[in-house]
Structure formats: structure tokens, C-alpha cells
Amino acid sequence: MTINEQPSAAPEPTSEPVPEQAAPEQARPVALITGVGRSIGIGAGIARQLAASGWDIAFTYWTPYDRRMEWGAEDGAAAAIAKELGDAGARTAAIEADLTGPDAPTRIFDEAEQRLGPVTALVLSHAESVDSGLLDTTVEAFDRHFAVNTRASWLLIREYGLRFRGEPGAGGGTGTGRIVALTSDHTVGNLPYGASKGALDRITLAAAHELAHLGVTANVINPGPVDTGWMNDELRTALTRGTPLGRLGTPRDTAHLVDFLCSPQGQWVNGQLLKSNGGAAS
């Protein structure tokens, strides 16, 4: 059961009318956010917060994933989110993408750069999450979780590192690049999701060291129990009782932390797995 976000991936033609904007001389930094397929999701919350803080936003979504989940697809979500971000002053690029394809990250960055310019911050909020345990997980499901949650994340981070053209941080601590990935500690009854997210953690934390010469920081956030439409009443009640603050998390809670990490004030936080979960017990 996911406490994150839905997945995203390689640009495929979309029938959804999404506003396209040309890239004039760049005045705002560009954030690329994956997994922004539903207006109530964490990815959308992050996009709204960064747009309000002065970022232009490229985001990915993948409608077929939502269609096969219980919550279903939200018709017109990408166009509505793009309009909302535009109303907040951001130039936007909505990219429908299937992250199961190994060529997806390259095509996503190509489109984001063509439409908005170089990417300064990469926020990974996509996920494949279908409940299954040790005994009933299929090979196909296991491979799909690792393709989306782990391999695609690695390839996106690699593509970001190969293309990053921000201010180097070596010697002065003045780096401008940011990588933030959303994770989960859920494993029981959700084996492929939890295992693939655990691998994502290691990849992201490695980036904090291997991309340090570029002036890039990399951190992982565990957002805890955030209800974005996947909880039933019983689970919602149980998780609320297990949180000292007596409430569930919201996309805005996660978005505030991402916003801080992407700001100049957050540059000294690096190589960390941060729990932003209201004190919820594991």
C-alpha cells in the first residue's frame, strides 16, 4: 500500500490538451517533478509549492497506471495542474511518460529542456505500487516495480548528472543543484514496492557523494501516511491513531520540506533520509 505517489514515465503522445509554452530567456530555475498525475497527489502538491516559490515546472504523468488502480484516472488532471501552475507564474511542461521504458528518462529531459531550459532540481515522486507479499508477488510485478521505482529513478538521476550545468560547488559550498526522492519504509504485504524503494534510497544517497563535484545535493524523504485517495476508512483511522499529532500527512507537508531542500537555505542538508511523518511509528 503506497504512502507516496503514482508513477510516471516515457513521453508518449497524449490526447489531453495541455498548454505548451515556449522558453524565452530563462529567469526562473526549472524543477522536473515525476508522478504528477492527480490533482490531490503529493507530486501535484510539490509542484504547486515550488511554482509559488519561483520555479518553472516540468512534470511527468502516466494515465494508464491510474486507470488500473482503484482510484482510477482523473480526466483532464495534467491540463488542470498545468493551468494552476501557470496561474502562479510558472512556465510549465506536462510530459506523459511511461517509466518502464529505459529510454524514458532521456526523452523526458530532452522535452523538459526544449520547452523550459536546463533542469536545476529533480524531484522523484513517481511510484509503482501494487500490494503483494513474499508468497504471492509475481515475477512480472516484481520486475515492473523495480523498473519504475528503481531503474527509472537511477536513469533519471544519471541523466540529470550528465546534463547539469549549474554553478559548481567545489571548494565554496555554493552548489545549486538539487535531487529529492520520495521513499517508503513499507514492506510487509507490499514486498516489491518496499524493496524497490529501499534500492532507490541507496541510489539517491550515492548521488550526494558522486555528484558533489557538480554542486548537487541529494536527499530522500519518507513522507509517512499521506492519504491521496488510496486509504479505506479502517486504515485511515488506524494510521491516524498511530501518529502522535493525531492526523494524517498532507501533500503540503511534504511539499514544504521539498521546497526547503531546494532552496539556498537547504543546501547544507545532503545525503540524508529524512522522516517527515508526524512521528508515526514504523
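Condition first: among the charged types (D, E, K, R) and crowded, with 19+ Cβ neighbours inside 10 Å. Now tell me which residues in region 75-94 satisfy that. Break it down stepwise before answering.
So the first thing to find is which residues in region 75-94 are among the charged types (D, E, K, R), and the list is 75, 83-84, 87, 91.
The answer is R91, and nothing else.
Look at P17 and say whether it is open to solvent by 10 Å² or more (accessible area, probe 1.4 Å), modelled with pLDDT of 95 or more and part of a loop (DSSP other than H, G, I, E, B). First the steps, then the outcome.
On the way: open to solvent by 10 Å² or more (accessible area, probe 1.4 Å): yes; modelled with pLDDT of 95 or more: no; part of a loop (DSSP other than H, G, I, E, B): yes.
Against the criterion (open to solvent by 10 Å² or more (accessible area, probe 1.4 Å), modelled with pLDDT of 95 or more and part of a loop (DSSP other than H, G, I, E, B)), P17 does not qualify.
Could you please find all residues in region 184-231 being open to solvent by less than 10 Å² (accessible area, probe 1.4 Å), assigned to a loop (DSSP other than H, G, I, E, B) and either at pLDDT 95 or above or under 14 Å from Y160 (Cβ atoms) (or both)?
G215 - this is the single residue of region 184-231 that is open to solvent by less than 10 Å² (accessible area, probe 1.4 Å), assigned to a loop (DSSP other than H, G, I, E, B) and either at pLDDT 95 or above or under 14 Å from Y160 (Cβ atoms) (or both).
Scan region 23-67 residue by residue and report those that are in a helix (DSSP H, G or I), more than 14 Å from R178 (Cβ to Cβ) and not hydroxyl-bearing (S, T, Y).
Keep residues of region 23-67 that are in a helix (DSSP H, G or I), which gives 42-52, 63-67.
Keeping just the survivors that are more than 14 Å from R178 (Cβ to Cβ) gives 42-45, 47-48, 51-52, 63-67.
Of everything in region 23-67, those that are in a helix (DSSP H, G or I), more than 14 Å from R178 (Cβ to Cβ) and not hydroxyl-bearing (S, T, Y) turn out to be I42, G43, A44, G45, A47, R48, A51, A52, P64, D66, R67.
Taking region 125-149 only, how many residues are open to solvent by 40 Å² or more (accessible area, probe 1.4 Å), part of a helix (DSSP H, G or I), touching a residue at least 12 places away in the same chain (Cβ under 8 Å) and of a type outside the set (F, W, Y)? Can you show your working first?
Kept after step one, since they are open to solvent by 40 Å² or more (accessible area, probe 1.4 Å), are these residues of region 125-149: 130-131, 134-136, 138-140, 142-144, 146.
Those left that are additionally part of a helix (DSSP H, G or I): 139-140, 142-144, 146.
In the following step, the residues that additionally are touching a residue at least 12 places away in the same chain (Cβ under 8 Å) were identified as 142, 144, 146.
If we keep only those that are of a type outside the set (F, W, Y) too, we end up with 144.
Selection size over region 125-149: 1.
Within the set of pairs 6+ apart or on separate chains, which have a first residue in region 94-107 that is under 17 Å from S39 (Cα atoms), a second that is in a helix (DSSP H, G or I) and of a type in the set (S, T, Y), and C-beta atoms under 8 Å apart?
Close Cβ pairs satisfying both conditions: E96/T63.
Any idea how many residues of region 101-124 are part of a loop (DSSP other than H, G, I, E, B) and out of contact with any Phe, Trp or Tyr (no Cβ under 9 Å at 6 or more places or on another chain)?
Keep residues of region 101-124 that are part of a loop (DSSP other than H, G, I, E, B), which gives 101-103, 117-118.
This time we only want the ones that are out of contact with any Phe, Trp or Tyr (no Cβ under 9 Å at 6 or more places or on another chain), so: 101-103, 117.
Counting residues in region 101-124 that are part of a loop (DSSP other than H, G, I, E, B) and out of contact with any Phe, Trp or Tyr (no Cβ under 9 Å at 6 or more places or on another chain) gives 4.
Could you list, in sequence order, the residues of region 36-54 that are within 11 Å of A78 (Cβ to Cβ) and charged (D, E, K, R)?
Once the filter is applied, which keeps residues that are within 11 Å of A78 (Cβ to Cβ) and charged (D, E, K, R), region 36-54 yields only R38.
The values are calculated or read from the model by the stated rules, or taken from the named source; none is laboratory data. Quick caveat, the model's predicted, so the values are computed rather than measured. All Cβ positions, glycine included, derive from the backbone under ideal geometry; neighbour counts span all protein chains shown. Ligands, DNA and RNA are stripped out before the accessible areas are found, and what is left, the full protein with its side chains, is counted by its heavy atoms. Shrake-Rupley method; radii C 1.70, N 1.55, O 1.52, S 1.80 Å.
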